[in-house]
Amino acid sequence: MQTSKRLEGIGEYYFSKKLREIEELNKAGKNIINLGIGSPDLPPHPDVIKVLQEEAAKPNVHAYQGYKSSPVLRNAISEWYRKWYSVELNPDTEVLPLIGSKEGIMHICMTYLDKSDEVLVPNPGYPTYRSAVKLAGGKCVEYKLREKNNYEPDFEKLEKSKLKKVKLMFVNYPQMPTGQLPLEKLFEKIVAFAKKHNILVIHDNPYSFILNESPRSLLSIEGAKDCVIELNSLSKSHNMAGWRIGTLCAAKERIEEVLRFKSNMDSGMFLPLQLAAAKALSLGREWHDEVNDIYRQRRKKVFELLDLLKCKYSTEQVGMFVWAGIPKKYKDGYELSDEILYKSDVFITPGGIFGSAGDKYIRVSLCGSVERFEEAIERISKTL
Ligand SMILES: Cc1ncc(COP(=O)(O)O)c(C=O)c1O
């Protein structure tokens, strides 16, 4: 069957292909240690599970839910933004819960993009930005993030480029895959740039609680609601990746615009899931501290592993991964990744999958136990 034109140039997601290869290797008797994908292996808080269990046992919670989700969840999101980001959001008009923030990226692209519209996407960056723009019929214009520039957009260079057709810009800090925190003034610069050029900025913010003491929202910048949509997620911050709960926060008009598309695509989430998510959002700093202590121990092991591979990395980075520059002897991160996979039975993500500016890098996920990292270190030191 001929697939649609819109799928041209859209390949299967890299991880979906690679996971199949790893599965084949495992079937052939290997026991690959996968340090690639960022899916939290730790459970959510027990109180969150309890709410889900208790609510799901009730007889009257199984019907379709409203397109804008339960007010309980919207209120909890609004409170969460006030408590952690000092951002005021009207829970009735400025919050839209999502079935994961990944789907929000697609909703936004489908809501705003027509054929000749251009979108600024980070290189390196989350590959979904590029594919969602293409699927919606828009055109990606990459902006490079460089280590020497603290992985910030080069605004001087952007100012000199043609921006007339640019309608959206994706930004993401703490940045994935580089782990870069938003440094002072970056958020102000983004908002000023967006206003000057009449661009709608999409800030993707799923990593602000991981190994980061001071979570920030782009919406905290004065006037940001005029030009920003922020996506957020419980996947990483609350160990709930499989639950598929995210949120879109923006001005009332933006929420209504996105809802015009979204309400034609899906329906509200299962109510017990929403109530459990609201519970998760009410958790205090102890929860995040506990989770981060574990990530910190793991990160020490990852630094050891990267030292063994003679990779260079910043110890200041945050988020669920460690981003590292590869030694010169490798052509690119794919070569290093394949060598480790086939010789040492350990999978590490090549940086090139996040864009050409990631070619000389690799990314190691912190989603594995200390013992698994120790085992990976042992395998690599024996085989390299
Ligand atoms: C930068 C970035 N944005 C969004 C997502 C999607 O998260 P969610 O689970 O909320 O769909 C991910 C997941 O890996 C991510 O790395």
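The values are calculated or read from the model by the stated rules, or taken from the named source; none is laboratory data. Here the structure is a predicted model, which is why all the values come from computation and not from measurement. Neighbour counts run over all protein chains shown; Cβ positions are idealised from the backbone, glycine included. The protein model used for the area step is the full one, side chains on, heavy atoms only, and it has no ligands, DNA or RNA in it. Shrake-Rupley method; radii C 1.70, N 1.55, O 1.52, S 1.80 Å.
Here the Debye sum runs over all C-alpha atoms of the stretch 183-226 as equal scatterers in vacuum, and log10 of I(q)/I(0) at q = 0.24, 0.28, 0.29 Å⁻¹ comes out as -0.88, -1.08, -1.13.
Scaled against the 2.2 N^0.38 Å expected of a compact globular protein of N residues, the Cα radius of gyration of the stretch 18-94 reads 1.74. For the stretch 107-177, the extents of the C-alpha atoms along the principal axes are 35, 26, 13 Å, listed from largest to smallest.
When the Gaussian network model of the chain links Cα atoms closer than 10 Å, the mean-square fluctuations of 282, 208, 69 top out at 282. Label positions at residue 144 and residue 267, each projected 7 Å from the Cα along the C-beta direction, are separated by 5.0 nm. Take residue 308, project a point 7 Å from its Cα along the Cβ direction, then tell me which residues of the stretch 5-39 have their backbone nitrogen under 17 Å from it. Inside the label zone: 31-36. The mean accessible area for residues of the stretch 31-132, using a 1.4 Å probe and ignoring ligands and nucleic acids, is 44 Å² per residue. Once each of the GluC sites (Glu not before Pro) sitting in a DSSP loop with at most 11 other beta-carbon atoms within 10 Å is removed, the chain keeps 13-183 as its longest stretch. How much of the pair distance distribution for the stretch 126-243 lies past 17 Å, counting alpha-carbon pairs only, in percent? Of the Cα pairs, 58 percent sit more than 17 Å apart. Taking the Cα centre of the chain as reference, the dipole from Cβ charges on Lys and Arg (+1) and Asp and Glu (-1) amounts to some 980 debye.
Of interest is the spacing of the C-alpha centroids, which for the stretch 249-303 and the stretch 37-68 amounts to 12 Å.
Largest first, the extents of the alpha carbon coordinates of the stretch 225-384 on the three principal axes equal 55, 36, 27 Å. Here the Kirkwood formula, the inverse mean of 1/r across different C-alpha pairs, assigns the chain a hydrodynamic radius of 21.7 Å. The mean of 1/r over all distinct Cα pairs in the stretch 52-167, once inverted, gives the Kirkwood hydrodynamic radius of 17.4 Å. Kirkwood radius, the stretch 276-350, all distinct C-alpha pairs, inverse of mean reciprocal distance: 14.5 Å.
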